[in-house]
Amino acid sequence: MRYISTRGRTGPHGFSQAVAAGLAADGGLFLPESLPDLGSALGKWETLGYPDLCYEFFRFFATDIEAARLREIVDASYRRFDHPDVAPLVRLDDDLFILELFHGPTLAFKDFALQLLGNLYAEQIATSGRGINVLGATSGDTGAAAIHGLLGKEGVSVFVLYPDGRVSPLQERQMVCTGADNVFPLAIQGSFDDAQAALKEVFAESEFKAEYRVSAVNSINLARVLAQCVYYLYAWFRLPESKRERCEFVVPTGNFGNVLAGWLLRGMGVPVPGFRIATNQNDILCRLFNTGEYRVGDVTPSLAPSMDIQVASNFERFLYYSVGRDGEKVRRIMGELKEKGEYRFEDFDRNVFSASSMTDAEIPQAIRSVYGEYEYVIDPHTACAFKALDPRRTSVVLATASPAKFPETIARAIGFEPRHESLEALKSRPLVKYPIKGRKAEIMEFIRAHAAGD
Ligand SMILES: *Cc1c(COP(=O)(O)O)cnc(C)c1O
């Protein structure tokens with residue numbers, strides 16, 4: 001399988017090459033040259049356990065990794081999940097299911113992709129014999145998941161920029177209490193946008209980047225999207241057959257990465273009928289799917305912070321298919337969007353997508369009402385899914401984080417704090433973080449001093 005760029009001006013890459021590059025050289029995102037038809041395999045996959053299904057799926061995509069190696073990589077990636085099903089599907093009601101995606105090491109769905117990505121990086125280091133330095137910026141969950149995907153791995157140092165005092169205390173502890181000597185959480189003065197801007201400046205230093213083999217860990221990596229396809233397929237198989245053809249996956253959405261993965265399965269011959277884009281009060285994607293208008297505004301901090309975004313970086317992949325796989329057209333639209341901050345989309349399938357948004361005032365109410373009805377505790381991100389569920393369909397809500405990560409919001413809604421032993425254990429561990437101002441030169445100096453060698 002080869003991988004092409006959404007902007008059409010980068011030559012085809014192999015899987016490992018596309019994963020290592022992250023972003024394509026023409027500024028686009030990688031996608032498979034053609035989507036495989038999984039239709040004939042589905043019958044054989046129905047009863048597979050999670051790692052087995054993931055392995056079979058990736059055999060279609062990671063074609064430059066030897067089968068036995070791929071098997072080891074996949075098995076290692078889901079070994080640290082604390083539920084035997086990895087992604088258990090819980091039934092709350094006749095037509096209401098919850099797909100729990102928070103059983104990984106950092107208790108949020110990003111572990112599905114970042115555990116695997118960590119092992120794919122390790123494979124590349126082993127094959128090339130050269131170390132790498134991974135740099136990311138985070139508002140919370142991604143940084144923690146990236147760190148836990150790479151901690152203790154040979155030949156890699158991880159540097160994560162985050163806004164000091166602006167991530168939740170537990171999210172911070174997941175980054176700064178690992179005890180691993182290849183992990184460097186950099187607490188910068190300023191906001192998440194400042195961290196992101198500093199990161200971009202460092203990546204623009206191409207000589208530095210090449211010399212230290214600096215790689216980005218962010219939401220646009222091809223391997224992340226593919227890893228996320230697997231749990232949709234796994235959940236779809238666990239639904240009673242009569243429910244499959246009228247189910248709607250309800251997806252708490254920020255960057256569009258999660259919902260994109262589910263939608264891609266349709267192009268691979270898996271007849272998943274519908275997706276709900278569930279946003280918080282930062283509702284740009286909800287407005288887009290309801291009106292066709294994409295207009296970038298300001299981000300307002302919400303109770304579901306991991307969905308506080310305005311530019312949905314993965315949307316470009318969806319756009320590519322929507323405009324008939326025309327890379328030049330994608331270039332034009334992305335250019336226009338960047339210039340004017342808005343664009344009108346006409347051509348996407350409105351039968352497949354629905355969209356809703358939830359305000360901060362509604363989030364605690366949703367947590368309370370789900371708890372009252374089902375004695376089931378949802379986190380503030382998952383809560384955004386519980387807005388106007390379609391009674392004619394079977395809803396499969398993706399639970400993207402454990403409620404234990406957001407004890408204050410939950411306590412305010414239902415009067416007690418959910419706990420998780422892995423978070424309790426962090427409270428007694430020493431904090432190791434590196435406060436910096438966050439200027440480019442300072443970050444580069446830090447990386448030089450702590451870089452992974454050859
Ligand atoms: C990242 C995140 C989301 C949003 O996922 P996208 O792929 O950006 O749409 C939702 N919930 C939680 C808990 C997250 O960490």
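The values are calculated or read from the model by the stated rules, or taken from the named source; none is laboratory data. Just so you know, these numbers come straight off a predicted model, no measurement behind them. As a convention, Cβ positions derive from the backbone with ideal geometry for all residues, glycine included, and neighbour counts pool all protein chains shown. In case anyone asks, the SASA skips ligands and DNA or RNA and just uses the protein heavy atoms, side chains included. Shrake-Rupley method; radii C 1.70, N 1.55, O 1.52, S 1.80 Å.
Taking 7 Å steps out from each Cα toward its Cβ at GLU424 and PHE203 produces label points 4.0 nm apart. The Cα center of the range 250-290 and the Cα center of the range 1-46 differ in position by 20 Å.
Rounded to the nearest 10 square angstrom, PHE184 shows an accessible area of 20 square angstrom against a 1.4 Å probe. For the chain, the membrane-span-like helices by this rule, meaning whole DSSP H stretches whose C-alpha atoms cover at least 24 Å of axis and whose Kyte-Doolittle mean is -1.0 or above, are 110-128, 222-238; this says nothing about an actual membrane. The per residue volume of the convex hull around the alpha-carbon atoms of the range 208-273 is 93 Å³.
Taking the empirical scaling 2.2 N^0.38 Å for compact globular proteins as reference, the range 388-450 has a Cα radius of gyration ratio of 1.90.
Note on the chain: antiparallel DSSP beta bridges, both residues inside, total approximately 25 percent of the bridges counted. Here's the list of lysines a cross-link from LYS340 could span, going by alpha-carbon distance under 20 Å and ignoring same-chain residues fewer than 8 apart: LYS329. Counting only protein heavy atoms and a 1.4 Å probe, the chain has 40 square angstrom of accessible area per residue.
Under the classification rounded if a/c is under 1.5, otherwise prolate if a/b is larger than b/c and oblate if not, where does the range 324-454 fall, given a ≥ b ≥ c as square roots of the Cα gyration tensor eigenvalues?
oblate
Label separation (GLU346 vs GLU408): 4.8 nm, computed from points 7 Å beyond Cα along the C-beta direction. Stokes-Einstein diffusion for the range 83-155, with the hydrodynamic radius set to the Kirkwood value over Cα pairs and evaluated at 25 °C in a medium of 0.890 mPa s, equals 177 µm²/s.
Calculate what fraction, in whole %, of the accessible area of the chain sits on carbon and sulfur atoms when a 1.4 Å probe is rolled over the protein chains. Ligands and nucleic acids excluded, carbon and sulfur give 48 percent. Given R0 = 45 Å, the distance between the Cβ atoms of ARG246 and GLU445 translates into a calculated FRET efficiency of 0.20.
Could you please tell me the mean projected area of the C-alpha convex hull for the range 157-291, averaged over all directions and given in square nanometres to one decimal?
Computed as one quarter of the Cα hull surface, the answer is 11.7 nm².
Listed here are the pairs LYS110/LYS405; LYS110/LYS440; LYS209/LYS338; which of them are more than 22 Å apart at the Cα? Before the final figure, lay out the partial values.
Details: LYS110/LYS405 14 Å; LYS110/LYS440 27 Å; LYS209/LYS338 25 Å.
Going by Cα-Cα distance, LYS110/LYS440; LYS209/LYS338 fall outside the 22 Å limit.
Each label was represented as a point 7 Å from its Cα along the Cα-to-Cβ direction; for ARG79 and GLU211 these points are 3.7 nm apart. The spread of Cα positions in the range 1-78, taken along each principal axis and listed from longest to shortest, comes to 41, 27, 18 Å. With all pairs of separate Cα atoms included, the range 68-112 yields a Kirkwood hydrodynamic radius of 11.6 Å.
To the nearest 10, the accessible area of LYS427 is 100 Å² with a 1.4 Å probe. Relative protection proxy for 64-71, 216-223, from highest mean packing down: 216-223, 64-71 (other beta-carbon atoms within 10 angstrom). Our coupling estimate for the range 23-31, obtained by passing each phi through the Karplus curve with A = 6.51, B = -1.76, C = 1.60 and θ = phi - 60°, is 8, 6, 4, 8, x, x, 10, 7, 9 Hz, Gly and Pro reported as x.
Maximal additional length on extending the GLN17-THR47 stretch stands at 7.6 nm, based on 0.36 nm per residue less the C-alpha distance.
Which of the three applies to the range 235-362, rounded, prolate or oblate, going by the alpha-carbon gyration tensor with a ≥ b ≥ c and a/c under 1.5 meaning rounded?
It is oblate, given that a/c is not under 1.5 and a/b is not larger than b/c.
Of the Cα atoms belonging to the chain, the radius of gyration and Dmax stand at 20.8, 59 Å.
Which of rounded, prolate or oblate describes the range 292-383 when judged by the alpha-carbon gyration tensor and an a/c cut-off of 1.5? Cα axes put the range 292-383 in the prolate bin.
A Stokes-Einstein calculation at 4 °C with viscosity 1.567 mPa s, built on the Kirkwood radius of the range 131-203 over Cα pairs, returns a diffusion coefficient of 107 µm²/s.
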